[in-house]
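Participant: Before I ask anything, here is the structure I am working with.
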Amino acid sequence: MQRRLFCALLFTLCAACSHGNAPVQTGKPVVLTTMSTLRSLIQMVTGDRLDVVNLVPVGSSPEDYQPTPQDVARLRSAGLLIQNGAGLETWVTHLVDGAKNSKLQVLICTDGLPVRNGNPHVWMDPILARSYVQKIEAAVERFDPSGRAFYRRNLRRAKAQLAALDRHVRAQIRTIPPANRTMIVFHNAWQYYNDRYGIRTVGAIELSPGQEPSPRYIAQLIALAKQYRVRAIFAEPEYSPKLARMLAENSGIQTVTDLYDDSLGSDSRVGDYISLISYDTGVIVRALK
Ligand SMILES: [Zn+2]
């Protein structure tokens, strides 16, 4: 009896292990991507015609991700890899070399786009995100030519949705008094969004991934926050809000802890690219108005 119970337990555990994070075999061609925000843009074009698998889990940062042996296996069985590039996923090159998949096609979305100051967060501007979906459509059409009409139809719809998103954000930001349009952010994922909508990024707490700022740098940020009368410091769920809180306490400014950029969130308010940008815009407007 006991032995039977043990075997049943073992079977359950093994079933759980083998399921784990393993991709579900759908029989569809596999497109791999690095981060969940990019997966959302890809799915606007592919719908459910292709199996779009994301490497960096929701809620983790693609900038300091450590690939797993399972990621190498995923890369071996993928036909197309779509990454952001511009230095965001420095670990991808090593992963591609390790997988030795000679049939793998690769699209780097930021190639040919106006990358500023080496900042890879180009997708945060909905107008530039339209260039992403355009490039994604061309890549998936090459990868799966028989889906051409389907992908082109989805591309037209995606471009219209992104144009509507841009109009929505523009109208929302216009409700913030111009003097209040300043932000201190956790990491500089906001350059392209802020450039597009006329918000000044006064500073970023973390200048490079995983590197804590020095007390001297924090003191400089506090001085800047006071000089520009910054109304809020924006942290992100992927990072500990400790530093942002410390900075806020020392400068008498509120902290906002739920801004999403590199990763989607786990609930539907931030479950895809359009929702994420709309949600963030609401958070920014409420904090700065
Ligand atoms: Zn980032």
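Participant: So which residues in region 265-289 are within 16 Å of the ligand (Cβ to nearest atom) and either at pLDDT below 95 or under 22 Å from A179 (Cα atoms) (or both), if there are any at all? Give the steps one after another, and end with the answer.
Facilitator: Taking region 265-289 as the starting set, the residues that turn out to be within 16 Å of the ligand (Cβ to nearest atom) are 265, 270, 273, 276-277, 280.
G265, D280 - these are the residues of region 265-289 that are within 16 Å of the ligand (Cβ to nearest atom) and either at pLDDT below 95 or under 22 Å from A179 (Cα atoms) (or both).
Participant: OK, next. Among (1) open to solvent by 20 Å² or more (accessible area, probe 1.4 Å); (2) in contact (Cβ under 8 Å) with a residue 60 or more places away in the chain; (3) outside any helix (DSSP H, G or I); (4) away from the ligand (no atom under 12 Å from the Cβ), where does D195 come up short?
Facilitator: (3)
Participant: How many residues are more than 15 Å from the ligand (Cβ to nearest atom), in contact with an Asp or Glu (Cβ under 8 Å, 6 or more places away or on another chain) and open to solvent by 50 Å² or more (accessible area, probe 1.4 Å) when one looks only at region 116-134?
Facilitator: Count: 1.
Participant: A160 - would you say it is assigned to a helix (DSSP H, G or I) and either open to solvent by 20 Å² or more (accessible area, probe 1.4 Å) or touching a residue at least 24 places away in the same chain (Cβ under 8 Å) (or both)? Break it down stepwise before answering.
Facilitator: Working: assigned to a helix (DSSP H, G or I): yes; either open to solvent by 20 Å² or more (accessible area, probe 1.4 Å) or touching a residue at least 24 places away in the same chain (Cβ under 8 Å) (or both): yes.
Answer is yes for this residue.
Participant: I need the full set of residues from region 258-272 which are open to solvent by 40 Å² or more (accessible area, probe 1.4 Å) and either in a helix (DSSP H, G or I) or aromatic (F, W, Y) (or both), in order please. Write out each step before concluding.
Facilitator: Step one: list which residues in region 258-272 are open to solvent by 40 Å² or more (accessible area, probe 1.4 Å), which gives 258, 266-269, 272.
The answer is S268, R269.
The values are calculated or read from the model by the stated rules, or taken from the named source; none is laboratory data. Everything numeric here is computed off the predicted structure, so don't read it as measured data. All Cβ positions, glycine included, derive from the backbone under ideal geometry; neighbour counts span all protein chains shown. Remember, those area values only see protein heavy atoms, side chains included, never the ligands or the DNA or RNA. Shrake-Rupley method; radii C 1.70, N 1.55, O 1.52, S 1.80 Å.
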